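> After the structure tokens below, expect a handful of questions from me.
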Amino acid sequence: HKWGTFRVGAAMSVDHISVDDKWLVKYGDWDKLSDDVVADEHDAVSSNRFAADLQKAFDIGGMDFGRADHAMVGGRTVVYEINTNPNIGRYVPDPKPLRLRTQTIARERLAQALEGIDSEAGGRVAIEASPLLRKFRRWRFGMLPPRRP
């Protein structure tokens, strides 16, 4: 199994589980979502079960946005990676009623977190360019001579 948990600013959101019979669980196998797995997923998402453990991992990495892929191994949370540009797939309502409720909780919580970091209407967020990016922009827009071979 593999869990996915988002961090958006200060908010943490346990999002989903993927299960498979292979060691590498990338997308999971929908047919392997037994009633017990779906019930556990619902409990984990609705209680935000892994939020505290995952917040520590994000804090150690100095990241305030992303999705962690993690699992429980030997009774503890193990983080495999934190995606700093995670894919948030198109919403497809799950045909399993409990999983649909779980999806709704997760998506609503994620939407609230994103809304919480949104700038004012028409507002802008200033991002300072690095020296390398400033140099590239000057070159790209003809403000620096081309390099000589």
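The values are calculated or read from the model by the stated rules, or taken from the named source; none is laboratory data. In this text, all values refer to a predicted model and were calculated from it rather than measured experimentally. Cβ coordinates were reconstructed from backbone atoms using ideal geometry, including for glycine residues, and neighbour counts include every protein chain displayed. Heads up: the accessible areas ignore ligands, DNA and RNA and are worked out on the full protein's heavy atoms, side chains in. Shrake-Rupley method; radii C 1.70, N 1.55, O 1.52, S 1.80 Å.
> List the number of the failed condition for Ser119; all other conditions in (1) part of a loop (DSSP other than H, G, I, E, B); (2) of a type outside the set (Phe, Trp, Tyr); (3) open to solvent by 80 Å² or more (accessible area, probe 1.4 Å) hold.
Failed condition: (3).
> Right, something else. Say we look at the stretch 61-84 and pick out the residues that are small (Gly, Ala, Ser) and touching a Lys or Arg at 6+ places or on another chain (Cβ under 7 Å); which of these is nearest to Asn48 (Cα to Cα)?
In this case the residue turns out to be Ala71.
> Inside the stretch 66-104, can you point out the residues that are free of Cβ contacts under 8 Å to residues at least 60 places away in the same chain, within 20 Å of Gly116 (Cα to Cα) and in contact with a strand residue (DSSP E or B) (Cβ under 6 Å, 6 or more places away or on another chain)?
Selection gives Thr84 alone.
> Output the residues belonging to the stretch 117-149 that are at pLDDT 75 or above, more than 29 Å from Gly9 (Cβ to Cβ) and not aromatic (Phe, Trp, Tyr).
Hits for the stretch 117-149 are Lys135, Arg138.
> Next question. When the stretch 32-77 is examined, which residues are found to be surrounded by 12 or more Cβ atoms within 10 Å (Cβ to Cβ) and assigned to a strand (DSSP E or B)?
Residues satisfying the conditions are Phe65, Gly66, Arg67, Ala68, Asp69, His70, Ala71, Met72, Thr77.
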